[in-house]
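Undergrad: One structure, pasted below without further comment.
The values are calculated or read from the model by the stated rules, or taken from the named source; none is laboratory data. Bear in mind that the values here come from a model prediction, so they are computed numbers and not experimental data. Positions of Cβ are generated from backbone atoms using ideal geometry, with glycine treated the same way; all protein chains shown enter the neighbour counts. In case anyone asks, the SASA skips ligands and DNA or RNA and just uses the protein heavy atoms, side chains included. Shrake-Rupley method; radii C 1.70, N 1.55, O 1.52, S 1.80 Å.
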Amino acid sequence: MLKLTSLDLKKDKVETLAVPVCEDRTIYTDSALVDVVKKAKRLKEFSAKKDQVVTLYDPAGMKVKRIILVGLGKYKKVDAEILRSMAGNTVKNCIKNEFENLWFALPHEKKFNLDMQSTLEAMQEGAYLGNHVFNKYKGDKKKKGLKRINFIAEPAMVKKFSRLSSRIITICRSTTLARDWISTPSNEKTPEKLARSMVSTARKVGLKIKELKEGQLKQQKFGAMLSVSAGSQSKPSLLILEHKPKGAKKTIALVGKGVTFDSGGLNIKTGGSMSDMKSDMSGAAAVGATMVALAGLKPKLNVIGAIPLVENMPSGKATRPGDIVRSYAGKTIEIGNTDAEGRLILIDAMTYVVKTYKPQTMIDLATLTGACVVALGEKIAAVFSNDDKLAASLVASGEKTHERCWHMPLPEDYKELLKSEFADMNNISSTRWGGAITAALFLSEFVGDTKWAHIDIAGPAYSKKEGAYCGPGGSGFGVRLLCDFIAGM
Ligand code: BES
Ligand code: ZN
Ligand code: ZN
């Protein structure tokens with residue numbers, strides 16, 4: 001779908017060519033492009049301000065049918081995210097017009113603010129991700145992705161960047177895989193169904209797979225996790241995907257919250273707050289899709305992806321507020337609120353991972369708290385960690401990929417808020433303040449000495465609104481972040 005190719009604009013036929021343009025600087029050397037940009041800038045409606053768009057037809061000196069000039073704004077202000085958004089918006093614009101193919105002109109290396117690698121990376125990401133459409137349940141599939149998006153580069157560049165380009169494709173394909181899982185409605189992705197979909201995808205790319213089904217979870221006393229699935233007609237499962245290259249010494253574990261629907265349980269959610277709870281498995285989707293990407297990227301370290309899958313429903317068999325359950329780790333937990341279920345499945349999965357695989361580093365991703373969205377809004381995730389260096393490198397990966405993360409505190413003294421009168425701990429805090437922090441502190445009790453980070457993605461995992469390179473629905477937040485982080489390990 002995405003291709004880096006060389007092309008002679010004066011000779012080769014192109015139907016639709018997109019040309020990013022800066023307000024205050026020429027960023028091309030190709031004379032035909034330089035001319036057409038000059039011509040466009042003479043128009044009253046186009047000065048290449050950010051997000052300005054103008055289309056010209058049959059430009060002189062080229063065999064191009066239409067040329068879409070897209071404003072990038074001021075040269076000095078152009079960064080990777082501006083390019084990513086520009087590419088995404090341009091592709092979306094072409095989808096709306098039902099075009100099939102698109103060519104992008106790339107700014108000339110020596111004339112641009114950013115180096116070629118970052119430019120290409122950002123533009124290809126934006127284009128690939130912007131081209132993703134979730135139309136599986138639509139009868140009329142009018143809105144569908146472009147067949148081909150080409151990036152025009154000199155032959156030497158095509159050679160130099162072809163590996164980078166295939167890396168980008170692998171990561172973005174996984175991001176859209178995560179998006180599809182998240183956007184799928186809960187009736188179509190019960191824990192059993194989602195496990196099946198993840199297993200079959202993982203098998204195709206050659207990951208090692210282990211699945212603990214309900215019987216084994218009961219036998220091995222995953223009491224916290226089982227208490228969440230108790231009310232559901234669907235059976236829980238713990239999926240473990242492994243990337244295990246020969247000779248690797250280090251092991252990193254990823255754990256993703258997989259609540260395929262969060263009704264709240266007997267502490268049932270009210271209308272509005274329940275409506276998007278099909279997305280409560282976004283952590284699981286990010287971990288599963290990252291594992292699929294890693295099978296292609298082949299980093300030289302062991303990566304374990306642990307995915308606890310449950311549905312949180314009320315029923316005659318559901319766990320009650322006030323119930324006390326015994327976690328896999330052996331600690332007893334009083335259920336203060338059945339809607340604080342994510343932490344219950346995570347602690348059993350994390351305890352199992354630490355005990356079985358002894359990873360040096362463990363990262364969990366979860367749509368864990370509404371409080372996190374109150375704190376950081378819908379576009380930024382929270383990072384909590386018992387290791388400042390680990391948190392800092394996640395924040396750095398977040399800056400690079402624009403999957404932004406903010407480092408939050410884990411204050412020891414807040415732990416007393418999780419005390420229970422009758423059990424070892426309560427699953428909710430005794431106050432309503434700092435809910436993202438107390439949730440993270442709850443998890444921290446189950447990681448032992450492992451270097452660990454928790455990423456609360458409740459804000460950015462899902463959006464009702466369309467973005468520049470994301471449709472309404474699941475965002476796939478975490479896949480690009482984790483791939484970048486793991487590449488740097
Ligand atoms: N899945 C929710 C958190 C959530 C909220 C995700 C909004 C995405 C958007 C989680 O299971 C939950 O219900 N948390 C409760 C915890 C409370 C009962 C301590 C919350 O945040 O209200
Ligand atoms: Zn909940
Ligand atoms: Zn939840």
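Undergrad: How many residues, within the range 378-389, are open to solvent by 40 Å² or more (accessible area, probe 1.4 Å) and either within 16 Å of ligand 2 (Cβ to nearest atom) or not basic (Lys, Arg) (or both)?
TA: Result for the range 378-389: 4.
Undergrad: In addition: Given the structure, is Ala295 within 16 Å of ligand 1 (Cβ to nearest atom) and either part of a helix (DSSP H, G or I) or aliphatic (A, V, I, L, M) (or both)?
TA: It is false that Ala295 is within 16 Å of ligand 1 (Cβ to nearest atom) and either part of a helix (DSSP H, G or I) or aliphatic (A, V, I, L, M) (or both).
Undergrad: Please determine whether any residue of the range 403-415 is outside any loop (DSSP other than H, G, I, E, B), more than 16 Å from ligand 2 (Cβ to nearest atom), open to solvent by 30 Å² or more (accessible area, probe 1.4 Å) and touching a strand residue (DSSP E or B) at 6+ places or on another chain (Cβ under 7 Å).
TA: There is at least one residue in the range 403-415 that is outside any loop (DSSP other than H, G, I, E, B), more than 16 Å from ligand 2 (Cβ to nearest atom), open to solvent by 30 Å² or more (accessible area, probe 1.4 Å) and touching a strand residue (DSSP E or B) at 6+ places or on another chain (Cβ under 7 Å).
Undergrad: Would you please name the residue that is surrounded by the fewest Cβ atoms within 10 Å (Cβ to Cβ), looking only at residues in the range 257-272 that are more than 16 Å from Gly336 (Cβ to Cβ) and of a type in the set (A, V, I, L, M, F, W, C)?
TA: Top of the filtered list is Phe261.
Undergrad: What residue, of Ala306, Ala375, Ala340, is within 16 Å of ligand 2 (Cβ to nearest atom) and among the aliphatic types (A, V, I, L, M)?
TA: Going through Ala306, Ala375, Ala340 in turn, just one is within 16 Å of ligand 2 (Cβ to nearest atom) and among the aliphatic types (A, V, I, L, M): Ala340.
Undergrad: Another question about this same structure. Within the range 448-469, track down each residue that is part of a loop (DSSP other than H, G, I, E, B) and either within 16 Å of ligand 2 (Cβ to nearest atom) or surrounded by fewer than 23 Cβ atoms within 10 Å (Cβ to Cβ) (or both).
TA: Matches in the range 448-469: Gly448, Asp449, Thr450, Ile457, Ala458, Gly459, Ala461, Lys464, Lys465, Glu466, Gly467, Ala468.
Undergrad: Taking Lys389 as the residue in question, decide whether it is more than 18 Å from Thr438 (Cβ to Cβ), away from ligand 1 (no atom under 16 Å from the Cβ) and not in a loop (DSSP other than H, G, I, E, B).
TA: yes
Undergrad: If you don't mind, there's one more thing I want to ask. Within the set of pairs 6+ apart or on separate chains, which have a first residue in the range 464-489 that is closer than 17 Å to Asn135 by Cα, a second that is hydroxyl-bearing (Ser, Thr, Tyr), and C-beta atoms under 6 Å apart?
TA: Pairs found: Gly473/Ser183; Gly474/Ser183; Gly474/Tyr462; Gly476/Thr175.
Undergrad: Count, please, the residues in the range 325-359 that happen to be under 22 Å from Gly435 (Cβ atoms), open to solvent by 30 Å² or more (accessible area, probe 1.4 Å) and either more than 15 Å from ligand 1 (Cβ to nearest atom) or touching a Lys or Arg at 6+ places or on another chain (Cβ under 9 Å) (or both).
TA: 2
Undergrad: Whether any residue in the range 39-52 is at pLDDT 95 or above, farther than 18 Å from Phe112 by Cβ, open to solvent by less than 60 Å² (accessible area, probe 1.4 Å) and not in a loop (DSSP other than H, G, I, E, B) is what I want to check.
TA: Taking every residue of the range 39-52 in turn, at least one turns out to be at pLDDT 95 or above, farther than 18 Å from Phe112 by Cβ, open to solvent by less than 60 Å² (accessible area, probe 1.4 Å) and not in a loop (DSSP other than H, G, I, E, B).
Undergrad: Among the numbered criteria (1) away from ligand 2 (no atom under 16 Å from the Cβ); (2) in contact (Cβ under 8 Å) with a residue 60 or more places away in the chain, which one does Ala248 miss?
TA: (2) is the only condition that Ala248 fails.
Undergrad: Among the residues of the range 230-242, are any open to solvent by 30 Å² or more (accessible area, probe 1.4 Å) and more than 15 Å from ligand 2 (Cβ to nearest atom)?
TA: Looking through the range 230-242, at least one residue is open to solvent by 30 Å² or more (accessible area, probe 1.4 Å) and more than 15 Å from ligand 2 (Cβ to nearest atom).
Undergrad: For the range 268-291, give me the residue count where each residue is part of a helix (DSSP H, G or I), at pLDDT 95 or above and over 27 Å from Leu241 (Cα atoms).
TA: Total satisfying the criteria: 2.
Undergrad: Restricting the search to the range 102-122, which residues are closer than 16 Å to Ser6 by Cβ and either β-branched (Val, Ile, Thr) or touching a residue at least 60 places away in the same chain (Cβ under 8 Å) (or both)?
TA: Trp103, Phe104, Ala105, Pro107, His108, Leu120
Undergrad: Here's a follow-up. Any residue at all in the range 258-267 that is touching a residue at least 60 places away in the same chain (Cβ under 8 Å), away from ligand 2 (no atom under 12 Å from the Cβ) and closer than 18 Å to Gly476 by Cα?
TA: Among the residues of the range 258-267, at least one is touching a residue at least 60 places away in the same chain (Cβ under 8 Å), away from ligand 2 (no atom under 12 Å from the Cβ) and closer than 18 Å to Gly476 by Cα, which makes the answer yes.
Undergrad: Open to solvent by less than 30 Å² (accessible area, probe 1.4 Å), in contact with an Asp or Glu (Cβ under 9 Å, 6 or more places away or on another chain) and within 24 Å of Ile171 (Cα to Cα): is that true of Ala253 in this structure?
TA: Yes; evaluated as a whole, the condition is true for this residue.
Undergrad: Pick from Ser279, Ser234: which is within 16 Å of ligand 3 (Cβ to nearest atom), hydroxyl-bearing (Ser, Thr, Tyr) and under 25 Å from Ala329 (Cα atoms)?
TA: Exactly one residue qualifies, and that residue is Ser234.
Undergrad: Quick one: would you say Leu33 is among the aliphatic types (A, V, I, L, M) and outside any helix (DSSP H, G or I)?
TA: no
Undergrad: Under 6 Å by Cβ, and 6 or more places apart or on different chains, what pairs join a residue from the range 288-303 that is among the hydroxyl-bearing types (Ser, Thr, Tyr) with one that is part of a helix (DSSP H, G or I)?
TA: The qualifying pairs are Thr290/Val479; Thr290/Leu482.
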